[in-house]
Amino acid sequence: ENKSKLFQMTKDILEQAYEEMKKNVTPKFNKNLSINIEKFSNGKYKSVSLDNGISVELENGKYVSVESLSTGTIEQIYLALRLSVIDELSPETLPIMLDEAFAYYDDERLAAALKFLNEIDNQVLIFTCTEREQEILNRNSIKYNLIKIN
């Protein structure tokens, strides 16, 4: 009987915490995520919904499931999601380390992502085996420090 009461109390506390999160954290998180994906996609995707899986709003106002999008777009959404999580986790400006994060990006997506990353206050470390990032940074006059490891 005591265990049953304990389980019920625990369940009640978890349900309260979940409702509190939905009310306070989720709207702010969704807004931040939507701002990030709109910038990453150069306005092609207006907002992201996490209500029933991940779906994005197209320019025409319709929502589509993330599974129906290209791999490059899905990778953009996941990067926007990770950056939004970082913002939620800590009030401090945390460094961001990206290892081959842009492998599925075309040059247009990559340029948008690099421009966005240049605008945020976080220190960003990009690990890559290609020179595409460097070429796009140079083309867009974005300052960076390059360290080559052989």
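The values are calculated or read from the model by the stated rules, or taken from the named source; none is laboratory data. From a predicted model like this one, the values you see are computed outputs, not experimental measurements. When we count neighbours, we look across all protein chains shown, and the Cβ atoms used for this are built from the backbone with ideal geometry, even at glycine. We work out accessible area using only protein heavy atoms, side chains counted, and drop any ligands, DNA or RNA first. Shrake-Rupley method; radii C 1.70, N 1.55, O 1.52, S 1.80 Å.
Table for the structure above
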item	result
The chain: calculated mean residue ellipticity at 222 nm from DSSP helix runs of at least 4, using -39500 (n - 2.57)	-16000 deg cm²/dmol
Folded to 0 to 90 degrees: helix 2-20 orientation relative to the chain principal axis, Cα	40 degrees
Farthest positive-ward along the chain dipole, Cα basis, beta-carbon charges - from Thr93, Asn2, Ile149	Asn2
C-alpha long axis of helix 107-119 to longest principal axis of the chain, angle in °	70 degrees
With every protein chain in place, the chain: carbon and sulfur % of accessible area (1.4 Å)	52 percent
Relative contact order (percent, whole number), the chain, Cα cutoff 8 Å, 6+ residue spacing	17 percent
Asn140 versus Leu125: modelled label distance in nm, points set 7 Å from Cα along the beta carbon direction	2.2 nm
Residue pairs, from the table Lys46/Lys143; Lys23/Lys115; Lys31/Lys115; Lys39/Lys143, whose Cα atoms sit over 30 Å apart	Lys23/Lys115
10 Å binning of all Cα-Cα separations within region 1-146, expressed as whole percents from 0 upward	10, 35, 29, 15, 7, 3, 1
Share of alpha-carbon pairs per 10 Å distance bin for region 99-146, given as whole %	25, 67, 8
Region 73-123 and region 17-40: distance between their alpha carbon centers, rounded to Å	16 Å
Separation in nanometres of the label points that stand 7 Å from Cα toward Cβ, at Asp106 and Met21	3.7 nm
